[in-house]
1. Got a sec? Which of W398, W371, W359 is open to solvent by 70 Å² or more (accessible area, probe 1.4 Å), in a helix (DSSP H, G or I) and at pLDDT below 90?
2. When you check T237 against the structure, is it modelled with pLDDT of 85 or more and either over 30 Å from K151 (Cα atoms) or in a helix (DSSP H, G or I) (or both), yes or no?
3. For segment 258-269, does any single residue satisfy the condition of being open to solvent by 20 Å² or more (accessible area, probe 1.4 Å) and aliphatic (A, V, I, L, M)?
4. Looking at the structure I just gave you, is A96 out of contact with any Asp or Glu (no Cβ under 8 Å at 6 or more places or on another chain) and not basic (K, R)?
5. Could you please tell me which pairs satisfy a Cβ distance under 8 Å, a separation of 6+ or placement on different chains, a first residue in segment 435-455 that is under 17 Å from I314 (Cβ atoms) and at pLDDT 90 or above, and a second residue that is buried (at least 16 other Cβ atoms within 10 Å of the Cβ) and among the β-branched types (V, I, T)?
6. Restricting to segment 52-91, name every residue that is under 24 Å from the mean Cα position of the chain (by Cα) and either among the hydroxyl-bearing types (S, T, Y) or open to solvent by 40 Å² or more (accessible area, probe 1.4 Å) (or both).
7. For segment 269-303: of the residues being among the polar types (S, T, N, Q) and outside any helix (DSSP H, G or I), which is modelled with the lowest pLDDT?
8. Give all pairs with beta carbons closer than 6 Å in which a residue from segment 345-373 that is basic (K, R) meets a residue that is open to solvent by 20 Å² or more (accessible area, probe 1.4 Å); count only pairs at least 6 apart in sequence or on separate chains.
Amino acid sequence: MLEKLAKQTAIYGISTILGRMLSYLLTPFYTRIFGVESYGIITDVYALIPFALVVLTMGMESSYFRFAAKAEAEGGNIEKSKRKLFATTWGITSLAALLFFVVVVLFRNEASALMGEAYKANPLYVVTVAAIVMMDVMACIPFSRLREQGKALTFVLLKLFNIILQVGLAFVFWAVGLFDSEFGVGWAFVANLVASTVTLVAVVVASGRISLRIDWALLLVIFGYSLPLLLSGVAGTANEFIDRQLIKYLVPAGSLAQLGIYGAITKIAVVMTLFTQMYRLAAEPFFLSNFRKEEFKEMNAAALKYFVMVSGLIFLGIALYRDVFALIVGRDFREGIHILPVVLGANILSGVWLNLSFWYKREEKTKFALWITLTGLLCSVGFGVLLIPKMGYYGAAWSRFIAEAVMVAVSVVLNKIYYPTPYQFGRMAEYIVLALAIFFVAEWIEMPNEALQYTLSTAFIVIYLCYAVWREKIDMRGMFNHILRRGKR
């Protein structure tokens, strides 16, 4: 079973890596053609978009996977049940997205004033971003249907197409001088909007073009499951973007510039973000399928251990070479590179929390999600208010790290009380301690030149990898032979 999860993770992972590599071409690009304040607008907007997506999708992604699995378990006309489920979840999210866009258009001046002076001068920024949100929400459930049906290749190709189109348009707009116009950074949003619109049309066709017919009785049942997920999603996503908003409103001077630097540095943590995202894409439908209770516990415990093991390797690969990764962004943004290890740590904790969430989603005890994410949000706001006015974006990084750590701690406690799972905390602690020890030793040792420093860092990473292979008794020779045999077929 775990081999199936690994395979799905690899499929989604390759596409996610390729897609993000293309998408992250925009980071070095935008941080070189825009100043820190203009890039601060991009950081601000792209922190708010996921929040809007969570609110408007209303937890329907997880609900779709869970109720699709229940339809299979109940038998009967499974295809008809799934089509009705799809039409209902897609219909309600599309309706919510359309209403959102209409409201933003009608109150664009008021919304722009709330977001700050940069938006007040260009209300069309807000309208364009609202249109992006509408398109992405409408595409959400069709993409979920592709995942549920196991159409990973179609999912992958459409996601890559979206990113390629957006990146291509951004370069075209720059080449013809649109970024130097009065609308300026707004053309970055236009590129995104065009890509999202074309992708929506494509995914609707690929998913079967089912009519938007809402079954209200079914919707009430789904809402019983998804409402706690919606509320926890709102709190969780707020926890993801609140650090950026607090920078914007709490830093005494130059807030957009600090926001731009913080956003650029968090983008450098791309590999860790990619790993967590590709794992989520594969793991969510996998763990919400119909497994026997003990089978689920065993697989979930093993998956978390391997997630932590690989995350430690990725952490070292980025943190020990952060001066190299700093070259991704423009020179004016590199002063914030020292917060990168903290950002990476927060991303690892976010992935751990994701693993710890599958049991209560499976058991339909989604109220726990709300408790956990609200706790995290309170920590983000509390520590953000305490640290950001004094430390700027350094305080933002640490407040997010603390919030993620608290969410993991609460999740562990709830799991022990309500759904004891044999997580190998001792083994995971070994990998965490080893990774941190290597990091601090590498930081402490100063080599006479960069070449020797990077050689030392590489040696430390190899030590970590060898320890993991030895500790887990991984048959590397057998693994390579298996890959070679599959390649010859």
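1. Going through W398, W371, W359 in turn, the sole match is W371.
2. Against the criterion (modelled with pLDDT of 85 or more and either over 30 Å from K151 (Cα atoms) or in a helix (DSSP H, G or I) (or both)), T237 does not qualify.
3. The answer is no; no qualifying residue exists.
4. Yes: the conditions hold for A96.
5. Short answer, once both residue conditions are applied: I438/I461.
6. Result: L53, V55, T57, E61, S62, S63, Y64, T89.
7. Only one residue tops the list, namely N290.
8. K367/P228
The values are calculated or read from the model by the stated rules, or taken from the named source; none is laboratory data. All figures in this text were calculated on a predicted structure; none of them were measured in a lab. Methodologically, a virtual Cβ is constructed for each residue, glycine included, from the backbone with ideal geometry; neighbour enumeration extends over all protein chains shown. Surface areas here come from the heavy atoms of the whole protein model, side chains and all, with no ligands, DNA or RNA. Shrake-Rupley method; radii C 1.70, N 1.55, O 1.52, S 1.80 Å.
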